[in-house]
Amino acid sequence: MLNRRRISASLLSLFILSIVTVGLRAQQATPTKPSADLAGLAHVAIRVHDLDAAVGFYEKLGFVRAFALSRDGKVYEAFIKINDQQYIELYPVDAKNTQVGFLHVCFSGNDLQAAHDYYVQQGLTPNAVRTAGAGNLLFTMPGPATPTGQQNMEYTQYMPGSRHTKAIGEFLGADRISTKMVEVAIAFDDPAQAAAFYKDKVGFTPEKHGVFALPGNSSEAIRVVPAAKLGTKADIVFAAGKDAAKTLEQRGVAFTRGAEFGGKGDLTLTDPDGNLIVLQTTKQ
């Protein structure tokens with residue numbers, strides 16, 4: 001009798017375990033729900049004439065080169081860290097790529113597949129989600145026309161074990177001029193068409209003066225500007241404290257007050273290649 005009870009209990013346990021296992025498999029097999037929501041601005045990529053000079057410029061602002069990617073002993077990409085989620089990627093010119101300036105902005109997502117599937121629903125053509133060189137998930141898709149061709153829209157999701165995840169809490173310059181990238185200007189051949197694309201196709205929220213807030217809760221944005229105004233230059237906006245001007249003066253970094261696409265209180269810096277760094281200073 002005891003053996004029968006044990007056998008029955010064992011069979012019941014196996015039955016329950018099988019139900020739980022099937023349920024878990026069903027959950028894992030359920031596709032993520034398409035969503036336009038993004039986590040924020042991940043990085044801006046810029047091509048520069050002199051990589052060492054460009055890195056030196058950002059080091060004067062208190063930023064740190066967190067790591068770099070090399071091929072045949074030569075660095076082809078340097079990562080300047082803003083915070084644990086944001087970077088500036090610097091690429092040196094080479095024989096095939098001689099145009100300096102803005103390359104692309106990359107948006108980060110908490111669920112990259114969901115963002116990818118949302119764009120497919122919108123009739124767009126993102127390529128498949130894959131793992132990039134630094135170990136994060138990545139996909140790209142073409143956007144509106146820019147001075148150098150169709151915008152390369154890049155999306156990433158930081159993954160465990162990636163270079164970025166391993167660098168969390170490190171390479172954060174204690175005296176960096178800013179701790180947050182808040183906006184990136186992008187030059188388009190047809191700003192009205194680009195504005196409609198960002199609003200109707202990729203789910204960004206239009207604000208004033210060509211600014212489009214990223215979908216989600218990041219409070220970060222892109223700005224749509226005419227190609228005639230910005231051309232191929234990068235224009236990156238950072239939040240900064242009220243003493244930013246004094247700090248720049250102490251470090252011997254030249255700046256002007258005001259910004260082409262910003263406010264009178266902004267400070268504009270120019271990197272060695274003419275790209276623009278704008279500091280939005282607080283009054284407190």
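Side notes on the structure shown:
- With respect to the conditions (1) part of a strand (DSSP E or B); (2) surrounded by fewer than 20 Cβ atoms within 10 Å (Cβ to Cβ); (3) touching a residue at least 24 places away in the same chain (Cβ under 8 Å), residue 150 lacks only one, and its number is (3).
- When each of 24, 61, 38, 51 is tested for being of a type in the set (A, V, I, L, M), at pLDDT below 95 and surrounded by 10 or more Cβ atoms within 10 Å (Cβ to Cβ), the lone residue that passes is 24.
- First in the stretch 53-76 and of a type outside the set (Val, Ile, Thr), second anywhere and open to solvent by 40 Å² or more (accessible area, probe 1.4 Å) and assigned to a helix (DSSP H, G or I), Cβ under 6 Å, 6 or more apart: 60/251; 67/163
- Of all residues in the stretch 73-92 being closer than 25 Å to residue 237 by Cβ and in a loop (DSSP other than H, G, I, E, B), the one that is least open to solvent (accessible area, probe 1.4 Å): 84
- Residue that is most open to solvent (accessible area, probe 1.4 Å), among those in the stretch 155-174 that are outside any loop (DSSP other than H, G, I, E, B) and within 30 Å of residue 241 (Cβ to Cβ): 166
- Answer residue from the stretch 99-125, given it is open to solvent by less than 40 Å² (accessible area, probe 1.4 Å) and assigned to a strand (DSSP E or B) and is nearest to residue 274 (Cα to Cα) among those: 101
- All told, residue 96 falls short of being among the basic types (Lys, Arg), in a strand (DSSP E or B) and either modelled with pLDDT of 95 or more or under 30 Å from residue 273 (Cβ atoms) (or both).
- Among the residues listed as 213, 221, 234, the single one being without any contact (Cβ under 8 Å) to a residue 40 or more places away in the chain, closer than 24 Å to residue 188 by Cα and out of contact with any Ser or Thr (no Cβ under 7 Å at 6 or more places or on another chain): 221
- Any hit, the stretch 83-105, residues being within 19 Å of the chain's Cα centre (by Cα), of a type in the set (A, V, I, L, M) and over 25 Å from residue 188 (Cβ atoms): no
- Check on residue 175, modelled with pLDDT of 95 or more and touching a Gly at 6+ places or on another chain (Cβ under 6 Å): yes
- Flag for residue 177 being under 24 Å from residue 209 (Cα atoms) and among the aliphatic types (A, V, I, L, M): no
- If only residues of the stretch 133-147 that are assigned to a loop (DSSP other than H, G, I, E, B) and under 18 Å from the mean Cα position of the chain (by Cα) are counted, the one that is surrounded by the fewest Cβ atoms within 10 Å (Cβ to Cβ) is 133.
The values are calculated or read from the model by the stated rules, or taken from the named source; none is laboratory data. Worth saying up front: this structure is predicted, and the values here are computed from it rather than measured. Cβ atoms come from the backbone with ideal geometry, glycine included; neighbour counts cover every protein chain shown. Remember, those area values only see protein heavy atoms, side chains included, never the ligands or the DNA or RNA. Shrake-Rupley method; radii C 1.70, N 1.55, O 1.52, S 1.80 Å.
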